[in-house]
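Shown next, in structure tokens, is the structure this report addresses.
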Amino acid sequence: MNVTEAMKARFDREVAKYPADQKQSAVMACLAIVQQEHGHLTLEAEKEVADHLGMPPIAVHEVSTFYNMYNQQPVGRYKLNVCTNLPCQLRGGGVALHHLEQRLGVEMGGTTADGCFTLQQSECLGACADAPVMLVNDRTMCSFMTNDKLDQLVEGLRKAE
Amino acid sequence: MMNAQQVLQQFQATGVQTCFHGRHIDPQIYAGLDGTNWRLKDYEARGGYEALRKILDPLTGGLTQDQVIATVKESALRGRGGAGFPTGLKWSFMPRQFPGQKYLVCNSDEGEPGTCKDRDILHYNPHIVIEGMIIAAYAMGISVGYNYIHGEIFQTYERFEEALEEARAAGYLGDNILSSKFSFQLHAFHGFGAYICGEETALLESLEGKKGQPRFKPPFPASFGLYGKPTTINNTETFAAVPWIIRNGGQAYLEKGKPNNGGTKIFSVSGDVELPGNYEIPLGTPFSKLLELCGGVKGGRKLKAVIPGGSSAPVLPADIMMDCTMDYDSIAKAGSMLGSGAVIVMDETRDMVESLLRLSYFYMHESCGQCTPCREGTGWLWRVVDRIQNGRGKPSDIELLNSVADNIQGRTICALGDAAAMPVRAMLKHFKHEFEAKIARSSAQLDQPRDIVPAGARA
Ligand SMILES: NC(=O)C1=CN([C@@H]2O[C@H](COP(=O)(O)OP(=O)(O)OC[C@H]3O[C@@H](n4cnc5c(N)ncnc54)[C@H](O)[C@@H]3O)[C@@H](O)[C@H]2O)C=CC1
Ligand SMILES: Cc1cc2nc3c(=O)[nH]c(=O)nc-3n(C[C@H](O)[C@H](O)[C@H](O)COP(=O)(O)O)c2cc1C
Ligand code: SF4
Ligand code: FES
């Protein structure tokens, strides 16, 4: 079972925001909750969300594949998304990405052999004046990430294991 | 030993650089913020919810719906989401007598490259948006609203939820607000990574639990919106401007800016300046003044070009830009648009082909794929710019880029197609020589098959 009772309780807080006949509106939030708990989405988990919201599993899958932040595959314990869009690129977004590639020994898109980090580039995170910026595990924005700070972050997360 | 969350906490923005730098001019939305004073009691101490009390005041009789809309019209507040549509006029389109449910939606899906103003509003002053929405709901007779927040700023979404709880507990939201007959329920919704959901009809689809694919307009959301019901959508900053207008009057707001461009506007300045950040200044302030507030061009270098309104706005060369004032009309006259107010500054060392390459990749990546000209055209633009950048361009490529852009612009369901095409045309118009120079240096030896890779992979 992918969806626990505790998760269902969280689902229901989302469902309560919408008209009774529009439960489907909660699908994005429910999928984000599943991802937070399990790291990525599976077809089985999507089916459970679909059942909970009374929608066809294919409609859930359409949603999970449309939005960039849903992980269709397992990712490392920490997913690092570095913004490389133009405003960030002008202030070292690309440099940050390449520094991490070297430091972690993976190419963009890859996961370290120990399963600790997945490194991705991303489009505008909406924090352009903080460049270089990076989003960790979909929920925590890290700002002004110079190479030194990136090293500290990587070290810190490795030690926090 | 620190746990992971504590480790990450050390790298979180404090807002000091982007928002509490004291270099705004006459701010209304960012006034008095310090990062710790976002809660309800702090907002009330700044005069928060007074506008709502004024409207609902049982002693004076308050303001009627028509009076509120007339005040907003008088203020010349224009939509801060990019299109600059007059807000009062939009509110007057709402069929107030419509018997069924109507909805109010706040567009906080800020994803236009260069734009980060709504994040700082929501994170450091969430109640100003809540109050603005309550007033809007009152004016249009709406009982339910949603704030659609960019999924990438999840911490801000969580904070907004907290602010909503505070407002409910204090009787500003829910049934019979401040003991009046007016009721309004407001909820937060989060996206999960799709630029296109900032387009209002894509946003509505997303809010309905679907893929965010734009709908044809017309019908506009005012007649067919969320769940098919009449809906008004405004940007975060638009709602945030409303409480001040109600407290001080439409005329006072108008006078802060310039005719047809009322009030202050927040500009997100990024790129080659000493002090990137958000700057709230009166509309009509000279660009040179804004640049000065930002500490000038980084490293004392020369200004080369500016994209004045987010990545979708046409680029302007330095000399044209230095003559502009920061308002909708001046920037439009110069051949670009004020858009979302994201000012992307580029210094003399910048390579325009490389810059366009990153933007073209973005539009290709974010096209929702519904319309053929956009789906195919954005990919085509990217591939051609990529080959020019990487020494394999052909002399005919410049014409090709223009013609692909022509075939996208004006032929698509939503404005993303135009947003992809316009930067290309403007870059070619003002910086054609850089494209030509790269093409002239292209060499035949390079003309071998080569894998094309995502933009950031080769910075
Ligand atoms: N803030 C951001 O992150 C981004 C902003 N943009 C901006 O978005 C703009 C384009 O937005 P659109 O919504 O496509 O512009 P639009 O011109 O179609 O609409 C502007 C607003 O006015 C309303 N409206 C216009 N005519 C109406 C009518 N006759 N009846 C009722 N309502 C009417 C629309 O519903 C909408 O809310 C661009 O100019 C761009 O600057 C684009 C990308 C990202
Ligand atoms: C591709 C695209 C993306 C957009 N993104 C946003 C956005 O992130 N935030 C926003 O407020 N408006 C965005 N807009 C504009 C909205 O469609 C709409 O015009 C706006 O939310 C209306 O609010 P306003 O009148 O207060 O500006 C976007 C438009 C397009 C075409
Ligand atoms: S213009 Fe592009 S993004 Fe907009 S609806 Fe068409 S394909 Fe989708
Ligand atoms: S461009 Fe990187 S966060 Fe906006």
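Details
- Checked against (1) open to solvent by 10 Å² or more (accessible area, probe 1.4 Å); (2) under 17 Å from B:GLU110 (Cβ atoms); (3) of a type outside the set (Val, Ile, Thr); (4) within 16 Å of ligand 1 (Cβ to nearest atom), B:ARG215 passes all but condition (2).
Yes/no matrix, rows are residues, columns are (1) modelled with pLDDT of 95 or more; (2) more than 14 Å from chain A (Cβ to nearest Cβ):
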position: B:MET1; (1), (2): no, no
position: B:GLY22; (1), (2): yes, yes
position: B:TYR30; (1), (2): yes, no
position: B:GLY47; (1), (2): yes, yes
position: B:ILE55; (1), (2): yes, yes
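- Hits in region B:277-330 - residues which are hydrophobic (A, V, I, L, M, F, W, C) and touching a Phe, Trp or Tyr at 6+ places or on another chain (Cβ under 9 Å): B:ILE281, B:LEU283, B:LEU290, B:LEU293, B:CYS294, B:ALA305, B:VAL306, B:VAL315, B:MET321, B:MET322, B:CYS324, B:MET326
- Subset of region B:410-433 (residues that are open to solvent by 60 Å² or more (accessible area, probe 1.4 Å) and away from ligand 1 (no atom under 13 Å from the Cβ)): B:ARG411, B:ARG425, B:LYS429, B:LYS432, B:HIS433
- Evaluated against (1) within 23 Å of B:ILE149 (Cβ to Cβ); (2) polar (S, T, N, Q); (3) under 18 Å from the mean Cα position of the chain (by Cα), A:GLN72 falls short on exactly one condition, (1).
- For region B:134-149, the count of residues that are surrounded by fewer than 24 Cβ atoms within 10 Å (Cβ to Cβ), without any contact (Cβ under 8 Å) to a residue 40 or more places away in the chain and either at negative phi or in a helix (DSSP H, G or I) (or both) is zero.
- Wholly within region B:308-383, helices (runs of 4 or more DSSP H) carrying at least 3 residues that are within 13 Å of ligand 3 (Cβ to nearest atom) and within 14 Å of chain A (Cβ to nearest Cβ): B:352-366
- Within region B:253-272, the set of residues being on the phi < 0 side of the Ramachandran plot, surrounded by 24 or more Cβ atoms within 10 Å (Cβ to Cβ) and part of a strand (DSSP E or B) comprises B:THR264, B:LYS265, B:ILE266, B:PHE267, B:SER268, B:VAL269, B:SER270.
- For region B:273-298, the tally of residues that are within 11 Å of chain A (Cβ to nearest Cβ) and either open to solvent by less than 20 Å² (accessible area, probe 1.4 Å) or in a strand (DSSP E or B) (or both) stands at 6.
- Qualifying residues in region B:154-176 (those that are within 11 Å of chain A (Cβ to nearest Cβ) and within 25 Å of B:GLY225 (Cα to Cα)) - the one surrounded by the most Cβ atoms within 10 Å (Cβ to Cβ): B:TYR157
- Filter result (among the small types (Gly, Ala, Ser) and more than 10 Å from ligand 1 (Cβ to nearest atom)) within region B:97-138: B:GLY100, B:GLY132, B:ALA136, B:ALA137
- Residue count for region A:13-50 under the criterion of being over 15 Å from A:VAL63 (Cβ atoms) and more than 14 Å from chain B (Cβ to nearest Cβ): the result is 3.
- Whichever residue in region B:63-121 is away from chain A (no Cβ under 14 Å) and charged (D, E, K, R) and, among such residues, is farthest from ligand 2 (Cβ to nearest atom): B:ASP66
- Spans of helices (runs of 4 or more DSSP H) in region B:1-106 with at least 2 residues surrounded by 21 or more Cβ atoms within 10 Å (Cβ to Cβ): B:4-9, B:50-56, B:65-75, B:87-93
- All positions within region A:1-26 that are open to solvent by less than 10 Å² (accessible area, probe 1.4 Å) and over 16 Å from B:LEU226 (Cα atoms): A:VAL3, A:MET7, A:PHE11
Here's the yes/no breakdown for (1) within 16 Å of ligand 3 (Cβ to nearest atom); (2) of a type in the set (A, V, I, L, M, F, W, C); (3) within 22 Å of B:VAL105 (Cα to Cα):
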{"site": "B:GLN185", "(1), (2), (3)": "no, no, yes"}
{"site": "B:PHE189", "(1), (2), (3)": "no, yes, yes"}
{"site": "B:GLU200", "(1), (2), (3)": "yes, no, yes"}
{"site": "B:GLY262", "(1), (2), (3)": "no, no, no"}
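- Subset of region B:351-410 [among the aliphatic types (A, V, I, L, M), touching a residue at least 24 places away in the same chain (Cβ under 8 Å) and over 26 Å from B:GLU199 (Cβ atoms)]: B:MET352, B:VAL353, B:ILE388, B:ILE398
- Test result for B:PHE220, assigned to a loop (DSSP other than H, G, I, E, B), modelled with pLDDT of 95 or more and farther than 27 Å from A:GLU14 by Cα: yes
The values are calculated or read from the model by the stated rules, or taken from the named source; none is laboratory data. Please read all numbers here as calculations on a predicted model, not as lab measurements. Because the Cβ atoms are built from the backbone with ideal geometry, glycine has one as well, and the counts that use them run over all protein chains shown. Note: accessible area is taken over every heavy atom of the protein model, side chains too, but ligands, DNA and RNA are not part of it. Shrake-Rupley method; radii C 1.70, N 1.55, O 1.52, S 1.80 Å.
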